[in-house]
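Q: Once you've had a glance at the structure underneath, I'll fire off some questions.
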Amino acid sequence: MGRASKPPRLVLRGASWYIVDEGQKIACGTRDEGEARRALAQYEAGKATAAHR
């Protein structure tokens, strides 16, 4: 039985925020946590939309 995958999440590396999802690390391009959270929400919405196609 495989391990359940983790949901996309934010990770602070150095002074920049990244979205980590299924082994991918995607730069948010910001140091502001609020902006990073908005980027994560937008990423999740785009991923959900793509799954429905």
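Read the figures in this text as sums done on the coordinates, not as results from a lab. What you see is a predicted model; the values in this text were computed from it and never measured.
Q: Please give the contour-minus-distance gain from Leu12 to Glu44: 0.36 nm per residue of separation, less the Cα-Cα distance, rounded to one decimal in nm. Display every interim value, and only then the final one.
A: Values: separation 32, 0.36 × 32 = 11.52 nm, distance 1.80 nm.
Residue separation times 0.36 nm, minus the Cα-Cα distance, leaves 9.7 nm.
Q: Right, next: At 222 nm, what value in deg cm²/dmol follows for the chain if DSSP H runs of at least 4 each add -39500 (n - 2.57) and the sum is divided by all its residues, to the nearest 500? Before the final figure, lay out each step's value.
A: Working: 1 runs with 19 residues, N = 53.
That comes out to -12000 deg cm²/dmol.
Q: Still on this structure, please answer the following. Could you work out the relative contact order of the chain? I mean the mean sequence separation of Cα pairs under 8 Å and 6+ apart, divided by the number of residues, in percent. Could you put the intermediate results ahead of the total?
A: Values: 55 pairs, mean separation 13.3, N = 53.
Computed over the chain, the figure is 25 percent.
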